[in-house]
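What follows is a set of notes on a single structure, which appears directly below.
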Amino acid sequence: MAFGISTSCLYPLETEKSLDTLGKIGVKTCEVFLNSPSETTLEFAKTLNKIRKEYGIKIASVHPFSSFAETYMLFSAYGRRFNDMLEFYRRNFEVTAALGAEFSVIHGALTGAKISDTEYFERFAKLIEEGKKSGIKVCHENVNRHLCESPVFIKKMKNYLGDGFKLVFDVKQAVRAGYSPLDFAEKFKNDIVHIHISDHTGNSDCLPPGKGCFDFKKLIEIMNSANYDGDYIIELYRENFGNESDLKNSLVYMQNL
């Protein structure tokens, strides 16, 4: 288990510059968020690998930039488009493996997507199988305004996919969807393989850890009860903090809990 920071916190700073910045402030565990098609190549992975090796960074997970369009590309009623898009995701999975990461993170479809649950789960099962070919695990994240914001939907997906189902749990997304993050974690603790953390108050749903009222100790206690050995990655939006020292302070806060 380790605490880390996502390169997405520094967006729209270019991905390689974000990783370098995190390395300079002493971050040793990261999520990498790829932000354009040219970054989903093995050549770009070499650039990131040079940086991560320089600073001794472990990249735990990789997030493809295409999450905004997954309803249309992967989970629409037009099956041929899904089959065509598999090649794009294969490249992402190859890059994920090349960076030494274990997880690829998928947001999935927006609520209201015109696809049956069964077809949705079958397509995700194909993504899981493609990930296995590259030696990585394809995971679903709970995301507000998406089908997987709902514990009911997640439970159905888990029951359908069995051991293949892996969940990336995001604290702020649970808050935005109106669910208690601690209750959410308790319900799915045995399926969670990766965690995105942020703090919050009654007035703000995304703050640096240590700047709100969330009980991180309780979250860690819940996950320890399931023998969780994954990472806790700070994932914020650029407007949620002032500068890199705020990120560093939040990381130290989590490490000192």
Debye log10 I(q)/I(0) for the stretch 3-255, one point scatterer per Cα, at q = 0.12, 0.17 Å⁻¹: -0.67, -1.39
Dipole of the chain, positive direction: furthest Cα of 164, 250, 116, with charges on the beta-carbon: 164
Residue-averaged 222 nm ellipticity for the chain, from DSSP H runs of 4+ at -39500 (n - 2.57), nearest 500: -13500 deg cm²/dmol
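So what's the stretch 28-124 giving for Cα Rg divided by 2.2 N^0.38 Å, two decimals? Walk me through the intermediate numbers first.
On the way: Rg = 14.8 Å, N = 97, 2.2 N^0.38 = 12.5 Å.
Taking N as the residue count of the stretch 28-124, the ratio is 1.19.
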Coordinate range along principal axes, alpha carbons of the stretch 138-220, Å, largest first: 38, 25, 20
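Assuming 0.36 nm per residue, please report the length gained on full extension of the stretch residue 17 to residue 47 beyond their Cα-Cα distance.
On the way: separation 30, 0.36 × 30 = 10.80 nm, distance 1.04 nm.
Between residue 17 and residue 47, full extension yields an extra 9.8 nm.
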Backbone HN-Hα couplings from phi across the stretch 197-212 [Karplus 6.51/-1.76/1.60, Hz, Gly and Pro as x]: 10, 7, 9, 6, 10, x, 9, 9, 9, 8, 9, x, x, x, 9, x
Alpha carbon Rg of the stretch 112-257, scaled by the compact-globule rule 2.2 N^0.38 Å: 1.10
Phi-based couplings in Hz for the stretch 160-168 (Karplus 6.51, -1.76, 1.60; Gly and Pro marked x): 6, 8, x, 5, x, 6, 10, 10, 9
GluC sites (Glu not before Pro) within the stretch 71-178: DSSP coil, no more than 11 neighbouring Cβ in 10 Å: none
Span from the the stretch 23-73 Cα centroid across to the the stretch 156-213 one, whole angstrom: 22
Karplus (6.51, -1.76, 1.60) ³J(HN,Hα), θ = phi - 60°, over the stretch 16-24, in Hz, Gly and Pro reported as x: 5, 5, 5, 5, 5, 4, 5, x, 5
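All of the numbers you see were taken from the coordinates with simple rules; none came from a lab. Here the structure is a predicted model, which is why all the values come from computation and not from measurement. As a convention, Cβ positions derive from the backbone with ideal geometry for all residues, glycine included, and neighbour counts pool all protein chains shown.
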